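*Asks:* Here it is, the structure in full.
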Amino acid sequence: MIFKNDINYRKQSLIKLMICVELHEQEIIQALFDDFKKPAFESVATETSYILAELKYTIKNIHNWAKPQLVFPSIFNFPSTDYIYQEPYGKVLIIAPWNYPYQLALSPLIAAVAAGNQVVLKPSELTPNTSRIISKIISETFDTNHVTCIEGGVDVAQELLTQRWDYIFFTGSVPVGKIVAKAAATHLTPVTLELGGKGANIVFEDAPLDQAVEGIINGIFFNQGHVCCAGSRLLLQENIHDEFLSKLQKRMSKIRLGDPLDKNTDIGAINSAAQLAKIHELSSSGQAEGADIWSAPCQIPNKGFWFAPTIFTGVTQAHRIAREEIFGPVLSVLTFRTPQEAIEKANNTPFGLSAGVWSDKGSRILWAGNHLKAGVIWANTFNKFDPASPFGGYKESGWGREGGRHGLGAYIKGAKK
């Protein structure tokens, strides 16, 4: 298999993929719109542009990453010389989700190909138009013995999981992640799981409030809240609660919900009737448990699945909306008095994917970062990604990392020779 041993072949494959992605960019944007009314600017910002940036970064560094690593032996083995060669796992299965159906299918594919693996990609059945264009791109780029795209529903995924793989990469919900982990355990197959989250944005009293408001808006309402690392919990220091909430509601009143193909639209439609029902159910539980609800005043279109940007105040740790992943444009607001209380509340979750810290004091940001149990922590910003940086979580947010050299490492067996 030439892709296992020939770095130049892998690099040329990725260059060919990049050209194909650029060629079909408008088709990808249209497919994302057809599947769940994703706004065009979001499709470019979070799907096509991100993949192109990751491809360029990987192509630039692939030769350096593939070099054997010299290991200086201990005195007991002197004068021997040891090298660690980057050996691909072999046959890799990638199962992609529906919320970023293009980016989260191709991103792990790029790393797996760069590492020299043979790949079978299973895109989400909930985004059939995007899956179709992904399959088209794969067939135009790769030999079928190298990379294959298999479309289909849950039954197809279940059948794939019964087979023996050398590595499995899954992005999706916690319940399905546990099914994947159980299937992988049958053959002791290593697996990366990118699962859910319940990210906390901590806003301290010395934070730049206007900047923080924009970060909160982006953190929870981007992609209609269909983001595993969304900042769905807002922790406000008590003495700025009223002022910040007023600023937040004023800014939310300007959010534009509607036609995804209009470049001025901020929020598009919810992915499906089932997901909308889940959002309604959890929002109803918040009201039933005593939290106060406020929704941005906006006109809901007649067709499609829509949910107005919403915040809950008076939320406690006992509320379901503070504990469960809603996966929609719903923000739960809690308060704290001391920095230690903020950390305790932020960490009081089964998830550990993301967090944000807002403060003008660098020492406070570093202190909070050292105490938060999250795989990704942003300071005075949120939802900003770089192809060079690893991404992944703790606890029920999953196992392993993707992105940059760390992501490539998931698909490599370090072999000492």
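Each value in this text was obtained by applying a stated rule to the coordinates, not by laboratory testing. None of the values given here were measured: they were computed from a predicted structure. Cβ sites come from the backbone with ideal geometry, for glycine too, and all protein chains shown count toward neighbours.
*Asks:* Just to be sure I understand the model, the point goes 7 Å from the Cα along the line to the Cβ. What's the resulting L366 to Q340 distance in nm?
*Replies:* Going by the 7 Å Cα→Cβ label model, 2.2 nm.
*Asks:* Using Cα positions and a limit of under 19 Å, work out the aspartates and glutamates in reach of K413, with same-chain residues fewer than 8 apart set aside.
*Replies:* Cα-Cα hits under 19 Å: D6, D82, E87, D166, E402.
*Asks:* In nm, to one decimal, how far is the modelled label at D6 from the one at W65, with both set 7 Å along Cα→Cβ?
*Replies:* Once both label points are built, they end up 2.0 nm from each other.
*Asks:* Given the options P175, P387, P101, state which has the largest fluctuation in a GNM of the chain using a 10 Å cut-off (strictly under) for Cα springs.
*Replies:* Comparing P175, P387, P101 in a Gaussian network model of the chain, the most mobile one is P175.
*Asks:* What lysines could a cross-link reach from K37, if we take a straight Cα to Cα line under 25 Å and drop same-chain neighbours fewer than 8 places away?
*Replies:* Reachable lysines: K122, K136, K198, K254, K263, K278, K303, K384.
*Asks:* Can I ask one more? Placing unit charges on C-beta atoms (Lys and Arg positive, Asp and Glu negative, everything else neutral), compute the dipole magnitude of the chain about its Cα centre in debye, rounded to 20.
*Replies:* So the magnitude is around 920 debye.
*Asks:* Right, here's the next one. So which helices of the chain fit the span-like rule, where a helix is a whole DSSP H run, its Cα atoms reach 15 Å or more along the axis, and its mean Kyte-Doolittle is at least -0.5?
*Replies:* Length and hydropathy pass: 7-23, 25-36, 49-66, 103-114, 128-141, 174-186, 209-221, 273-288.
*Asks:* A follow-up question, please. Can you compute the FRET efficiency between D210 and E125 using 1/(1 + (r/R0)^6), with r the Cβ-Cβ distance and R0 = 51 Å? Round to the nearest 0.05.
*Replies:* 0.75
*Asks:* Give me, ordered by chain and number, the residues 5 or more places off N201 or on other chains with an amide H under 5 Å from its own placed amide H.
*Replies:* Amide H neighbours of N201: R233, L234, L235, G356.
*Asks:* Kindly rank 330-340, 217-227, 77-87 from highest to lowest mean number of other beta carbons found within 10 Å of each residue.
*Replies:* Descending packing order for the listed peptides: 217-227, 330-340, 77-87.
*Asks:* Kindly rank 146-153, 191-198, 285-292 from highest to lowest mean number of other beta carbons found within 10 Å of each residue.
*Replies:* Going by the mean number of other Cβ atoms within 10 Å, highest first, we get 191-198, 146-153, 285-292.
*Asks:* As a check on your grasp of the helix formula, calculate [θ] at 222 nm for the chain: sum -39500 (n - 2.57) over DSSP H runs of n ≥ 4, divide by the residue count, round to the nearest 500.
*Replies:* Only helices count here, giving -12500 deg cm²/dmol.
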